[in-house]
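Accompanying notes for the structure given below.
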Amino acid sequence: MPQLRVFQVPLTALLRGEKTAGLILASASPRRRELLAMAGVPFEVLTSGADEGLPPGILPDKAVLELSRRKAAAVRALPQSAGKIILAADTVVELQGRILGKPRSREQAAQMLRALSGRTHRVYTGVCLLGGDEKSKSFYECTEVTFYPLSGQEIDWYVSTGEPMDKAGAYGIQGAGALLVEGIRGDYYNVMGLPLARVVRELAQLLRC
């Protein structure tokens, strides 16, 4: 796979240069791993175990920024992260002011899908980049997603696949959940859990600071 280039400089060269010993992805998400690998970005994985509790009524953009920063800080505290850049992210689905996280049961997954049926919702992903020299960058992206109207049979089928159970909003746009989506406005990869193009550009900029 050809190396991804940003501002004519290979990102892999920057990551392996004098400023950093590498990149840590502070996430157990297989989707985020796949996206970074697809871009040819070298990384290792350390999960944070950070507290993901949030105060009631918090806005979705504030929620994803707070959680991504917590994850980055938790991994920074590990001795294995010394001198490395940390990339942490968190994704939520928002519908009419209500934040939808990962369903805790099949019944809750079905409830979420019924709520999303025939409507437009927003997917927020917050990202925190924490440099080895403690420089940091935090941002979020928002993508609008519109679902087709879903029948009870369609919802039952999709829940039966098991795919909704580890995903915010109870669906995965990169899997069978694509069959539920009428259209999107914004970054497709943001819905998967990582706004890849912006992440790479922000990472390159952080390395040059």
Note to self: As I understand it, the value is the acute angle between the Cα axis of helix 60-76 and the longest principal axis of the Cα atoms of the chain; what does it come to in degrees, rounded to 10?
What the structure shows: 40
Next item on the list: Working from Cα positions, state the angle (0 to 90°, nearest 10) between the long axis of helix 106-116 and the longest principal axis of the chain.
Entry: 90
Check: What are the radius of gyration and Dmax of segment 132-196, computed over its Cα atoms and given in Å?
Finding: 14.9, 53
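Of LYS84/LYS167; LYS135/LYS167; LYS62/LYS167; LYS71/LYS167; LYS62/LYS84, which ones are farther than 22 Å apart at the Cα? Write out the running numbers ahead of the final one.
Details: LYS84/LYS167 28 Å; LYS135/LYS167 30 Å; LYS62/LYS167 19 Å; LYS71/LYS167 18 Å; LYS62/LYS84 26 Å.
As for pairs spanning more than 22 Å Cα to Cα, those are LYS84/LYS167; LYS135/LYS167; LYS62/LYS84.
Which whole-number value in Å² is the accessible area per residue of the chain, probe 1.4 Å? Please list the in-between numbers first.
Values: 10060 Å² over 209 residues.
Value returned for the chain: 48 Å² of accessible area per residue.
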Notebook entry, point to check: For the chain, which whole percent of the accessible surface, found with a 1.4 angstrom probe, sits on carbon and sulfur atoms?
Noted result: 51
Checklist line | Rg [Å, one decimal], Dmax [Å, integer] - segment 27-96, C-alpha atoms | finding: 13.4, 42
Check: Which whole-number value in Å³ per residue fits the convex hull of the alpha carbons of the chain?
Finding: 118
Next item on the list: Please identify, among GLY118, GLY126, GLY22, the residue showing maximal mean-square fluctuation in a Gaussian network model of the chain using a 10 angstrom Cα cutoff.
Entry: GLY118
Notebook entry, point to check: Along the charge dipole of the chain, Cβ charges K/R +1 and D/E -1, which of SER151, THR125, GLN80 sits furthest on the positive end?
Noted result: GLN80
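The values are calculated or read from the model by the stated rules, or taken from the named source; none is laboratory data. Note that the structure is a prediction, hence the values are computed from the model and not measured. Here the Cβ is made from the backbone with ideal geometry for all residues, glycine too, and neighbour counts use every protein chain on show. When the accessible area is computed, the model is the full protein with side chains, heavy atoms only, and any ligands, DNA or RNA have been set aside. Shrake-Rupley method; radii C 1.70, N 1.55, O 1.52, S 1.80 Å.
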